Each structure stands twice: as C-alpha cells, then as structure tokens.
1. In region 14-59, which residues are of a type in the set (A, V, I, L, M), touching a residue at least 60 places away in the same chain (Cβ under 8 Å) and open to solvent by 20 Å² or more (accessible area, probe 1.4 Å)?
2. Tally the residues that are closer than 30 Å to Asp145 by Cα and outside any helix (DSSP H, G or I), restricting the search to region 184-232.
3. Which of the residues that make up region 346-360 are open to solvent by 30 Å² or more (accessible area, probe 1.4 Å) and of a type in the set (A, V, I, L, M, F, W, C)?
4. Looking at region 118-139, which of the residues that are closer than 14 Å to Phe392 by Cα and free of Cβ contacts under 8 Å to residues at least 40 places away in the same chain is surrounded by the fewest Cβ atoms within 10 Å (Cβ to Cβ)?
5. Among all residue pairs at least 6 apart or on different chains, which show Cβ distances below 6 Å where the first residue, located in region 73-99, is closer than 8 Å to Gly302 by Cα and open to solvent by 10 Å² or more (accessible area, probe 1.4 Å) and the second is of a type in the set (S, T, N, Q) and modelled with pLDDT of 95 or more?
6. Pairs under 6 Å by beta carbon, first residue within 24 Å of Ile313 (Cβ to Cβ) in region 369-393, partner of a type in the set (D, E, K, R) and surrounded by 23 or more Cβ atoms within 10 Å (Cβ to Cβ), six or more apart or different chains?
7. Residue check, Ile338 against (1) over 29 Å from Cys404 (Cβ atoms); (2) in contact (Cβ under 8 Å) with a residue 12 or more places away in the chain; (3) open to solvent by less than 30 Å² (accessible area, probe 1.4 Å); (4) not acidic (Asp, Glu), all met but one. Which one?
8. Is one or more of the residues making up region 200-215 closer than 19 Å to Met374 by Cα, small (Gly, Ala, Ser) and either at pLDDT 85 or above or surrounded by 14 or more Cβ atoms within 10 Å (Cβ to Cβ) (or both)?
Amino acid sequence: MAVASLDLRKFPKASLVFVGFVFLHSLMYFDYIGINPTYYGWISNILSLALIASLFVIKGPLRTPSSPWLLLFLMVPMLSFLPCWIENGQSPLVSARAYLSSFLPLVFFILLRSGAKEKDLVKMLTLFAVVRTLINIIQQFTYPDYLFTFRPEGLDATGYFKGIEVRSGIYRYCIEDTFLSMFLVFYYFGRLLKRIDLSDVFFFFFGLFGVYLDQTRQLMLSTLIALVLVPLLSLRGKRRLILFVIMSLVILLAAMNAAVLFEDLILMTTRDLDYDNIRILSYTTYLLEFWGGPLSVIFGNGPVGDSAYGQQIAYMYENLKLFHSDVGIVGALNLYGIVTVLVYFAFIVFFVFRNWKKFRIHIKMYFVAQFINMPMICIFTQRVNCMIFLAFMLFLCDKDIRRCNYLRKMRKKPETVYAGS
C-alpha cells in the first residue's frame, strides 16, 4: 500500500487509541508530577509533526462545516511570529518551536478520516472525566502524598513555601481539565431529558461532583448558568415546567447548605472585593501596557519562546504573578492580536449562532459555558488540551449538523422515507 493512500477506516480502534493518547499527553497524564519536561516537549513536537504530515499522507476528507474554523484557530496566531521578531526580538524559528505543540488539535482529522463514531468519542471522554475525578477523590485521603497536581508544593520565586491550596475543606489539585467534568454534566443531563436511566443519573452527578472538587468559582458558576439557561430557553410545555421545579429545588438546597459547601469560596469572593485583585493588574498590563509596537496590537506579541522576550514573560509569571491565562480573551489579544480575537468572534457568529438550532442541548451548554468563561478562561491562553477538547466538540457539532441536514432532506422527500421503512 502506498503511503499516500493510507486508509484509517481500516484501523478505527487503533486510530481512537492514538487520539486518546494525544489527549492524555496534552493533559500531561493528568498532571503527573513525575513528568520530565524535556522528554515531554520532545514527544509533543514529534506528535505535532506527525499530525501535520498526516494531513497529506492519510486518505480521507478534510472539509467539514467546522474544520475551516479549527484550521483558522491554529494558523492565524502564527501571524504573531512577525511582530514577535520585529518588535520583541524573538526569531521566527524560536516562535515556531514554541508554537509547534499547538498543532496537536489536528487529531480532529484522525477522528474524521478514521470514521470514528460519536458514541466511541463520548465513551472516551467519559472515561477521562471519571478517571480525573477519581484521582481527585483518592488524593483527598492520601495527602501529603500525591502523584497528580497542576501546582506541586514547593518554594516559589520569592522563597515562600506554597502548599496545596485548601478550599471548603477540599485539597485543590487542579488536575486538567474541568471541562471534562462539565461534559459529563451537560451530556448526561441531555440524555436524562429523554429518559431516566440510573447510569445517566450517576454520570450526571459524578460530573457535578468533579466540578465541585475543583473549587473554581467561574467554572462552577458557568456550569450552573448553562445548566439552567439553555434548557429553559430550549424546552417547551410540561418538560420546561418540570425542569424549572427541579433546578429550583437544587438551587434552594445548595443555598441552604452554602455555608458548608462554599464557605471558603464565599470568603475568598469577599476578600477579593475588599483588596486589590492581582487579576485586575493583569488585565491592565496586558490590555494597555505590554505591547511591542503597533504590529503587536494587530497580530499579537507572539508565543513565549526561549528568548529575551520569553524571559521577560517568565519574570512576569513567576515574580509578578501576571498570567495571560488568568485574563482570558485579553490574554489571547496580547499574545495573538486583534486578528485572532476577530476570528474567534466570527466563529461564534458564523458557526455557532448560524447552526445553533441544529446542535443538541449538551453542545449548546458547552458553548454557553465557554462564552461565560471567556473573560477569564480562553482556549488560546490555556494549555493545548483545551483546544483539543474544542476539536472534539467540533467533531460532535459536525455530526449534529449532518444529522439535522439529513433529516431535513428526508422531510422534503416523504416517499423516500416510506420506501425505506
């Protein structure tokens, strides 16, 4: 067989395993503390190069309703390489090396060309979400011994010891990524609206518990808003009334037990209102001050590489605690410019809104939550696993669009339906 005609449809299980491995790698193996950063970077670059090459050597389609948007998300930020070179002094080669792992979301095309089924992707994401939450649960009882965390204990840049943060009596390991638990909530809630099944009930509440264990305010709030808002706007009649009653009871119970469940979160919010918030300083720095020049405003300052520019960013991260990842869309604007932000908003308008009625409820809830989180959490400033997760959601979007278009076509040809029934 010629390499150029490699057909992944003959290897659907192997293709799905490969996709799962890439995703697991992007999660840094659930933030395993024993990872060697050098080897990890090498593997990331090898996988990215392999995925880029696969676009040309693997047989199958490239065009779907969502694929142009995914490619734009990956390619447009590369325009920042030019101002990063001219205005920040970082060579295009260094920028390319720093940006290379951003191509891991090309696993989307492995799913597409292998003919992956929706149910298989859902099972994979469910497995990842369950394992992540189980790790969080187990490590609540093993501390101070743990193997997985986003921020290991140790001395910070100022010599101050920082332990695992505790909120509401829960150790926050912040294992990537909360969107996995949110997926459980949204997907299995959508299934429960059709029929009550004990396994769906379990995964729904297990997802809620996973979100709660992370103790991240904006993610908890966006999950709740999406869970209430989208169904109320989508459902009609008796089902809408039943949903309203159920969600009202859930909110009432949560409010009655807020002192126990959310004590530290409430205190933190109060403290944030009383004192200067470092996040405000991050917003003002990256929106108003930290620009290499006029080209950087349009195309972005560029990815953080091994250069004087990269060292400056590292100092701001480690010593000043000014993170691009804390300021969402503003961080994306600073790194990749106005053009990338415009592409993202064009995606919301011309893809999400245009196809809104074709999406099932869990996809709608995902996009609502993502939009709510945009001021603080943006796919362009988080680790690459967030963009891979978006690629998975886009794959499900394409399935919904294709299903809806097919049903619409069949309604116009009732005789065809009759003949095949």
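The values are calculated or read from the model by the stated rules, or taken from the named source; none is laboratory data. Model, not experiment: these values are computed from the prediction. In this analysis, Cβ positions are derived from the backbone assuming ideal geometry, glycine residues included, and neighbour counts consider all displayed protein chains. These area figures cover heavy atoms from the full protein model, side chains too; ligands, DNA and RNA do not enter into them. Shrake-Rupley method; radii C 1.70, N 1.55, O 1.52, S 1.80 Å.
1. Leu16, Leu24, Met28, Ile33 - these are the residues of region 14-59 that are of a type in the set (A, V, I, L, M), touching a residue at least 60 places away in the same chain (Cβ under 8 Å) and open to solvent by 20 Å² or more (accessible area, probe 1.4 Å).
2. 2
3. Hits for region 346-360 are Val349, Phe350, Phe353, Trp356.
4. Filtering region 118-139 for residues that are closer than 14 Å to Phe392 by Cα and free of Cβ contacts under 8 Å to residues at least 40 places away in the same chain, the one surrounded by the fewest Cβ atoms within 10 Å (Cβ to Cβ) comes out as Lys119.
5. Partner pairs satisfying both residue conditions: Phe81/Ser95.
6. Short answer, once both residue conditions are applied: Asn385/Asp177.
7. Here Ile338 clears every test but (3).
8. no
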